[in-house]
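The values are calculated or read from the model by the stated rules, or taken from the named source; none is laboratory data. What you are looking at is a predicted structure, and each value in this text was computed from that prediction instead of being measured. A quick note on method: Cβ atoms are made from the backbone with ideal geometry, for glycine too, and the neighbour counts reach across all protein chains shown. Ligands, DNA and RNA are excluded from the accessible area calculation, which covers all protein heavy atoms including side chains. Shrake-Rupley method; radii C 1.70, N 1.55, O 1.52, S 1.80 Å.
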2 protein chains.
Amino acid sequence: MTTMNRVERIVEGFDPVKNGLDDDFVLTKLTAMKGCGCKVPRDVLLQLLQTFKTDLVINNDEVDIGLDSCVIPLRHPGLRLVQTTDFFYPLVDDPYIMGRITCANVLSDLYAMGVSECDNMLMLLGVAVELNELQRDIIVRLFIQGFKDAADEANTKIRGGQTVRCPWLLLGGVATSVVHESEIIKVDRAIPGDVLVLTKPIGGQVAVNSYEWIKKNNGKIEELGLDTAKIKKAFKQACEQMSRLNRNAAKLLHKHEAHSSTDVTGFGLLGHAENLSRVQKQPVEFLIEELPIIEYMNEIVDRMIEKGGEGFRLYEGRSAETSGGLLIAMSEENAKNYIAELSSLDNAPAWIVGRVLEKTGESIARIVPNAARRSITSSF
Amino acid sequence: MTTMNRVERIVEGFDPVKNGLDDDFVLTKLTAMKGCGCKVPRDVLLQLLQTFKTDLVINNDEVDIGLDSCVIPLRHPGLRLVQTTDFFYPLVDDPYIMGRITCANVLSDLYAMGVSECDNMLMLLGVAVELNELQRDIIVRLFIQGFKDAADEANTKIRGGQTVRCPWLLLGGVATSVVHESEIIKVDRAIPGDVLVLTKPIGGQVAVNSYEWIKKNNGKIEELGLDTAKIKKAFKQACEQMSRLNRNAAKLLHKHEAHSSTDVTGFGLLGHAENLSRVQKQPVEFLIEELPIIEYMNEIVDRMIEKGGEGFRLYEGRSAETSGGLLIAMSEENAKNYIAELSSLDNAPAWIVGRVLEKTGESIARIVPNAARRSITSSF
């Protein structure tokens with residue numbers, strides 16, 4: 001098996017038959033939850049962790065230190081261990097792209113801290129018990145290949161892991177880097193006057209779920225009067241951005257002097273903005289004024305809200321992203337240069353989505369009620 | 001919640017009611033597989049990994065490089081990143097002890113390589129979807145406490161992790177250490193004349209499963225004519241040794257000049273002996289002549305075999321252990337000193353179980369057909 005072109009494969013779409021699987025094989029049936037949507041809710045976790053007032057920290061995403069990776073001083077002078085883990089369930093049907101997404105999503109927590117070199121990855125794999133041997137072999141091979149290709153692209157290697165049998169197909173990884181202190185971005189230095197930059201549009205959960213409605217043929221498409229062609233296009237757009245590494249975005253944090261950064265995943269844009277605001281040294285308000293949204297996803301959300309639904313709480317910034325973009329606070333001038341350089345490297349846009357304001361008391365993050373919704377078309 | 005005494009708690013046994021759970025609450029019902037028994041079979045994994053001839057290695061236990069942790073040269077001179085991960089399902093009903101076992105089992109892969117200092121741990125947790133909130137809170141808190149207490153005992157900290165919802169309760173962790181090259185035991189230097197040392201008896205899978213038969217009341221106890229009191233005692237013995245850190249065993253590898261070492265887990269005593277034999281520089285035969293077995297477990301296996309069963313393939317060395325002991329090749333004199341010192345530190349025995357012989361051609365490991373079965377009584 002050779003390395004596959006990521007975008008070409010996404011555009012072509014996944015054909016189970018061409019991959020040796022039955023016509024009606026659907027990977028995402030192997031779980032009841034999708035991607036980062038499977039996280040235990042933040043408030044529940046915090047409550048469970050209350051017992052530990054001191055040094056125990058579960059997933060730094062999910063506690064108020066607001067870092068995406070843990071950073072551990074080592075016995076060796078000047079060196080830090082930076083480490084993160086993530087695991088979840090399939091949310092797309094192509095195991096290869098799912099491997100890519102899983103790897104990109106794990107690495108993203110290092111990238112959010114400006115750490116662009118990963119020393120080692122571990123792969124975590126739960127093989128769904130209901131798979132027959134043929135299915136298992138095909139799926140696991142494709143998944144591993146996707147994970148490996150993404151790791152290659154990130155200039156890192158997979159040298160360990162664990163594989164168990166599990167009721168659901170479970171996918172994940174661990175990323176570790178040993179770096180000099182200077183390689184880590186200080187994420188607590190946002191100041192009033194900074195702008196907020198976002199490097200991927202939101203709406204990934206809407207794209208993945210509406211695509212599921214088509215596959216399940218559950219009446220939702222008709223009920224909401226949706227355009228399946230547009231959903232399929234949006235789904236591919238979501239696949240592309242989920243499988244795109246945030247590595248260039250990470251490297252440029254240093255060059256363009258980011259004051260603060262995180263990546264947007266399971267808690268949604270506002271959830272992660274809140275986490276990040278809380279760790280700032282100076283009290284600030286992160287004010288989000290614009291929402292870049294994957295094309296057509298805002299229409300779906302509008303229809304859902306018209307019908308009395310919550311629309312995945314997308315406009316509230318609470319819709320989960322998997323392997324979402326970086327959210328960065330930096331000076332406006334730096335932001336413009338950052339966006340220009342990143343767009344040219346990744347062949348994908350990025351946007352100024354808000355501002356950092358002065359605040360008295362505790363820092364907060366907020367989306368303005370009339371936030372502009374900008375529909376983002378894919379670049380392919 | 002304060003640190004609990006491990007052995008006292010095991011001896012007392014787990015009372016769901018005292019812990020706020022219903023009388024009939026059974027943690028191990030939350031999975032169809034137990035502990036390290038859940039691993040994807042070795043041959044299947046190797047086959048799945050065939051595609052990758054170069055640098056991709058999944059779980060070093062399970063591929064032929066025979067190391068328990070991956071060892072990665074870093075950009076920083078003389079330093080190595082040593083890392084391992086493991087996750088599995090509950091195999092005992094006390095979530096606290098399960099947390100201890102999970103942590104001990106993960107750390108064991110570092111210890112098997114003589115690395116006794118762990119710089120960081122990540123905790124991996126899948127919260128079973130069928131738990132109600134009360135159950136979830138109680139179980140997760142106890143599990144975390146047990147994991148943390150074991151980490152404290154190991155002089156390390158938990159500073160990251162991931163928690164997802166899952167059909168089964170899923171437990172695991174990642175252990176990472178950045179060490180000088182000299183802190184790692186070279187595991188490939190076994191020579192003819194060495195003896196083989198084992199630091200915990202085998203039979204853990206038999207103990208855990210026979211205890212399940214009692215709980216399930218499935219007729220197995222009567223069918224085989226077993227003594228439930230003896231099974232309950234053996235189960236506690238298994239809990240004690242599974243939750244006992246292999247850390248002292250690791251530290252003494254250096255002092256007593258071990259030539260080779262691994263830990264015994266999912267592939268059983270012989271499986272891990274085989275893995276270890278394959279990486280030896282000099283062709284050798286690891287000959288196992290004695291099987292230290294948790295008290296009464298040999299009787300269960302005998303009855304099963306009488307009835308035409310496989311008896312967990314215990315005597316063949318294929319019965320899975322969770323957080324089993326270290327298997328070490330070293331000179332006979334060093335072995336005696338090693339055993340004496342370890343026994344006094346851990347208050348538990350260790351044994352010479354075999355010898356390293358000359359071999360022409362490929363290295364192998366083997367259990368002699370008439371291997372002595374030694375019944376090991378618990379120390380408490």
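So the values come out like this:
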| read-out | value |
| --- | --- |
| Of residues in segment A:243-259 being outside any helix (DSSP H, G or I) and more than 20 Å from A:SER319 (Cα to Cα), the one most open to solvent (accessible area, probe 1.4 Å) | A:GLU257 |
| Odd one out for B:ILE305, checked against (1) among the aliphatic types (A, V, I, L, M); (2) open to solvent by less than 50 Å² (accessible area, probe 1.4 Å); (3) in a helix (DSSP H, G or I) | (2) |
| Subset of segment A:320-344 that is hydroxyl-bearing (Ser, Thr, Tyr) and open to solvent by less than 10 Å² (accessible area, probe 1.4 Å) - its residue that is nearest to A:VAL284 (Cα to Cα) | A:TYR338 |
| Selection count, segment B:260-297, where residues are over 19 Å from the mean Cα position of the chain (by Cα), over 26 Å from B:THR360 (Cβ atoms) and surrounded by fewer than 20 Cβ atoms within 10 Å (Cβ to Cβ) | 0 |
| Top-ranked residue of segment A:105-137 - restricted to ones that are in a helix (DSSP H, G or I) and within 10 Å of chain B (Cβ to nearest Cβ), ranked as farthest from A:LYS186 (Cα to Cα) | A:GLU133 |
| Failed item, numbered, when B:ASN218 is tested on (1) buried (at least 23 other Cβ atoms within 10 Å of the Cβ); (2) in the same structural domain as B:LEU276 (by TED's automatic domain parsing); (3) not in a helix (DSSP H, G or I) | (1) |
| Criterion violated by A:ALA229 - all others in (1) without any contact (Cβ under 8 Å) to a residue 24 or more places away in the chain; (2) of a type outside the set (Phe, Trp, Tyr); (3) at positive phi satisfied | (3) |
| Scope segment A:138-178; condition assigned to a strand (DSSP E or B), among the aliphatic types (A, V, I, L, M) and either more than 8 Å from chain B (Cβ to nearest Cβ) or over 22 Å from the mean Cα position of the chain (by Cα) (or both); matching residues | A:VAL164, A:LEU171, A:ALA175, A:VAL178 |
| Failed item in (1) among the hydrophobic types (A, V, I, L, M, F, W, C); (2) modelled with pLDDT of 95 or more; (3) not in a strand (DSSP E or B), with A:LEU196 passing the rest | (3) |
| Unique residue being free of Cβ contacts under 8 Å to residues at least 24 places away in the same chain and among the charged types (D, E, K, R) when the list is B:ARG136, B:ARG159 | B:ARG136 |
| From the options B:ALA104, B:ALA151, residue that is buried (at least 24 other Cβ atoms within 10 Å of the Cβ), within 20 Å of A:SER69 (Cα to Cα), of a type in the set (A, V, I, L, M, F, W, C) and touching a residue at least 40 places away in the same chain (Cβ under 8 Å) | B:ALA151 |
| Residues of segment A:350-380 satisfying the condition of being of a type in the set (Ser, Thr, Tyr) and within 19 Å of A:ASN298 (Cβ to Cβ) | A:SER375, A:THR377, A:SER378, A:SER379 |
| Filter result for B:ILE231 (at pLDDT 95 or above, of a type in the set (A, V, I, L, M, F, W, C), over 30 Å from B:CYS118 (Cβ atoms) and open to solvent by less than 10 Å² (accessible area, probe 1.4 Å)) | yes |
| Selection status of A:SER182, assigned to a helix (DSSP H, G or I), surrounded by fewer than 24 Cβ atoms within 10 Å (Cβ to Cβ) and more than 10 Å from every other protein chain (Cβ to nearest Cβ) | yes |
